[in-house]
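Notes for the one structure printed next.
The values are calculated or read from the model by the stated rules, or taken from the named source; none is laboratory data. Keep in mind the model is a prediction, meaning the values are calculated, not measured. A quick note on method: Cβ atoms are made from the backbone with ideal geometry, for glycine too, and the neighbour counts reach across all protein chains shown.
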Amino acid sequence: MTIFAISLLGLLMIYSATRVGLERNNLPASFSMERQMIFVAAGLIMFVAVSYFDYRELRHLFPGLYVGMLVLLPLVFLFPEVNGAQRWINLGFFQLQPSEFAKTVCVIALAAILGRPVARLSWIRVFQALGMLAVPSVLIFLQPDLGTMMVFWFVLVVMLFGAGMSGRQLLLLSGTAGFSATILFQQGWLFPHQLDRIRVLLDPTIDPTGIGWNLRQSKLAVGSGQLFGKGLFEGQQTNFQYVPEQGTDFIFTALGEQLGFVGAILLVLAYLVLIWRLLVIAANSRDRFGALVTLGIAAMFMFHIFINIGMTVGIMPVTGLPLPFMSAGGSSFLNFSVALGIANSVWLRRSPVPGENSIL
């Protein structure tokens, strides 16, 4: 399966990116990898379990899921900051990040709202979808987590388009979004570190040892890999820990430096196969709800992949969005697994094709 292959590669890259730092702190070199292996095993089990759950039941369960999400999101503010953000609920054995699961919950809720058969998508339905996303978006923005908030709105636009939004409606909505973003920027409502990331994107030479450090080291790591890479467990940027958060947000830099352009392209191709299969599932769904859920999941993956890889090569601002099934992290891995399990449930309940039980 595609997700299994990407997950194995992710474990290898997590080990290569974290082993030196762990050894310096007198910890086992495989500590991060072994921890991630638990999430990989749990995620694959959840993928299989959710696959055999009838996705159509989610249309009736979404109000409870949505309310549960709204209860969990504010709880993060009761816990101490981690690296200047409050995004996690400390369960002792596990740092739960509710915003990760909120992405899939919002996809389900949007599909339930937009999935009723209509000849033309009305503005009332559009405003219902906008209102549904407003509250979780504000809560996540305050954590602060602008990247995750942007996932919601990208998914919304894709799902509205899939639900039959007219060109005029799409144009008006896009114009309003652009105006709102301008106001947000001009009024100084963005956090200082978010403004710094935009500044560095526009001018990478700004403060190379300060706010520009992450992007500079990331580009050096990816570029130094050239065509075939420096070899597994090799590479100055990776081994000397020059790239911050290299096991999580910047995991792609470890791949680029060690396996080069060829390794990076193979990973991108694997992601393209995954997204293509999700679109095939959406096209073959037996109902509108299933098609929209799968389309929303595909949009969620597309945004994560494009933004994460884009920030490592300097074409997108640095965000905390993980690379699906590659970055270390339990909440993100489990959420992506559940999302693909829902998509596979849609596939299993299409018009039967003998011998095909899974497309992912």
The correct count of residues that are among the hydrophobic types (A, V, I, L, M, F, W, C) and more than 17 Å from residue 173 (Cα to Cα) in region 126-148 is 7
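Residues are listed down the side, and each one gets a yes or a no for (1) within 28 Å of residue 286 (Cβ to Cβ); (2) among the polar types (S, T, N, Q):
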{"site": "98", "(1), (2)": "no, no"}
{"site": "109", "(1), (2)": "yes, no"}
{"site": "116", "(1), (2)": "yes, no"}
{"site": "133", "(1), (2)": "yes, no"}
{"site": "148", "(1), (2)": "no, yes"}
{"site": "161", "(1), (2)": "yes, no"}
{"site": "177", "(1), (2)": "no, no"}
{"site": "181", "(1), (2)": "no, no"}
{"site": "189", "(1), (2)": "no, no"}
Filtered residues of region 129-152 (kept if exposed (fewer than 15 other Cβ atoms within 10 Å of the Cβ) and either of a type outside the set (A, V, I, L, M) or closer than 22 Å to residue 306 by Cα (or both))
131
Within region 203-236, track down each residue that is aliphatic (A, V, I, L, M) and closer than 12 Å to residue 318 by Cα.
211, 215
Kindly establish whether residue 100 is over 23 Å from residue 324 (Cα atoms), acidic (Asp, Glu) and part of a helix (DSSP H, G or I).
no
Only residues in region 66-78 that are under 20 Å from residue 108 (Cβ atoms) and among the small types (Gly, Ala, Ser) count as the first member; pair them with residues that are assigned to a helix (DSSP H, G or I) and at pLDDT 95 or above, Cβ under 9 angstrom, at least 6 apart or cross-chain, and list the lot.
68/105
In region 303-338, what count of residues is obtained for those that are of a type outside the set (Ser, Thr, Tyr), in contact (Cβ under 8 Å) with a residue 40 or more places away in the chain and part of a helix (DSSP H, G or I)?
12
Taking region 111-158, which residues are modelled with pLDDT under 90, of a type in the set (Val, Ile, Thr), touching a helix residue (DSSP H, G or I) at 6+ places or on another chain (Cβ under 9 Å) and assigned to a helix (DSSP H, G or I)?
126
Residue hits (region 168-200; of a type in the set (A, V, I, L, M) and either within 30 Å of residue 127 (Cβ to Cβ) or crowded, with 18+ Cβ neighbours inside 10 Å (or both)) are 170, 171, 172, 173, 177, 181, 183, 184, 190, 198, 200
